[in-house]
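Working notes, structure below.
The values are calculated or read from the model by the stated rules, or taken from the named source; none is laboratory data. As the structure is a prediction and not an experimental result, all values here were calculated from the model. FYI the Cβ positions are ideal-geometry reconstructions off the backbone, even for glycines, and counts take in every protein chain you see. Just the protein is used for accessible areas: all its heavy atoms, side chains included, with ligands, DNA and RNA removed. Shrake-Rupley method; radii C 1.70, N 1.55, O 1.52, S 1.80 Å.
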Amino acid sequence: MVSAMATLKPFVRYRLPMPGEAFPSFLARNAAILLSSPEQLLLSTVDAINGAMEPGPDLALRLTLAPAHEVTEHLARMFSTDAKAISSLFPRSIWPYVKRRDLTADGGAKSLDGIGTSFSDRFRYGWCQQCLLEDRAGGKDHFIRQHWISTYTTICPVHNRPLNGYCASNSCRKQVTLPIFVDYGKSLVLICPKCHLPLDSPIGVDFVTQSNARQLLNDPEAVTLYRQLANMEAFLLDGLCVRTPRSKRHALANRLLKCCNLMLRAEFGNALRAIDCYDNTFIRVPVKLGAAVRGLSEPFPAATLVERRKSIALLSSLMTNRYRAYGFNRPVVTLEQFGDAMTRDLFEQFQRNIYDIAQMALPTNLDV
């Protein structure tokens, strides 16, 4: 391993990590500079640690099996920077440590939920156009933030506006499954791979016409809704990634996530889900959008941004009994009324989780 590390020389051209950048973004930016692919670039930087590895969609995931200090020190050497800058790309809350029991017998990943490490997999995470606009206005590269790649984030916590997953161009309007970096003069810019339009223009909202997008983003009720959802998503992320998995906070966030999963499920072929039965003024979700994932036992990680966003909004409106504040026109007053939007089996599971949430909110000294 020592001889292999000695043969690898630092890159001559490279980009240093940006504050708050996600590791896949760091790889993709440097791959664009070096005229390579993120997978091949990763392969060339870790083969001295793990030996010869075949490139594949789970290559970035297998990287986490190596000792953390060896990974950071080796990457720091390749990009001529310090290990602290590289370690900032691996936040424990976003990039959890993957154990061998989480891999299949052939070394593949059993689940990539909430990790977002593979550029060969579908890009199920969105971007904030305002953040990207500020990057270019400041003369910096576009880069993917760490909080964007979290499954539980659908609202930008910085600007309190919805993340986008579709190209906003009127001539395209396609889902961006694999954004690419291109050299725009002095900076690297994320573009749509289909129409090649930069992802920071024009301003848009998924499944909303461009003419109505600006009006929606400036609507006071919509701004309040986005702020409330950002707070709820921050609670979910902090609770589910807490350092003590058996804590009360983790259990509460886990029950809330189970409720969101149940609202995105349908037990029959073309049956409507709970989120399909309640129209939302500010969150547009076509009924056919979740046809591929509604049969999963846990569809939340595989659902699109708008589906996840609407499930969190619907759960919040049910818990607070403030349906209009969350953009819903049809009130959800009681659990029995909400049960009309679910099959009996799904509703019983949902009701059980709601009771567990209520029990966790009670004081712990009632038996004194």
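How much of Cys167 can a 1.4 Å solvent probe reach, expressed as accessible area in Å² and rounded to 10?
Accessible area of Cys167: about 10 Å².
What do you get for trypsin sites (Lys or Arg not before Pro) in the stretch 221-300 restricted to DSSP loop and a cutoff of at most 10 other Cβ within 10 Å of the site's Cβ?
Arg243, Arg246
Pull out the extension gain between Thr209 and Ser187, defined as 0.36 nm times the separation in residues minus the alpha carbon to alpha carbon distance; nm, one decimal. Display every interim value, and only then the final one.
Values: separation 22, 0.36 × 22 = 7.92 nm, distance 2.95 nm.
Full extension from Thr209 to Ser187 adds 5.0 nm.
Per 10 Å bin, what percent of the C-alpha pairs of the stretch 201-312 does each bin hold, from zero upward?
For the stretch 201-312, the pair-distance distribution reads 13, 38, 33, 15, 1.
Looking at the stretch 138-242, what % of its DSSP beta bridges pair antiparallel, to the nearest 5?
Taking every DSSP beta bridge with both residues in the stretch 138-242, the antiparallel ones total about 100 percent.
For the stretch 178-303, what is the relative contact order in percent, using Cα pairs closer than 8 Å and at least 6 residues apart in sequence?
Worked out over the stretch 178-303, it gives 15 percent.
May I ask for the Rg/Rh ratio of the stretch 182-244, computed from Cα atoms with Rh as the Kirkwood radius, given to two decimals? Display every interim value, and only then the final one.
On the way: Rg = 16.9 Å, Rh = 14.8 Å.
Over the Cα atoms of the stretch 182-244, Rg/Rh equals 1.14.
Using a Förster radius of 51 Å, what is the FRET efficiency between Leu335 and Arg13 based on their Cβ-Cβ separation? Nearest 0.05, please.
Computed FRET efficiency for Leu335 and Arg13 comes out at 0.30.
With label points built 7 Å along Cα→Cβ from the Cα atoms of Asn321 and Glu221, find their separation and express it in nm.
Placing both labels 7 Å along Cα→Cβ, they lie 2.1 nm apart.
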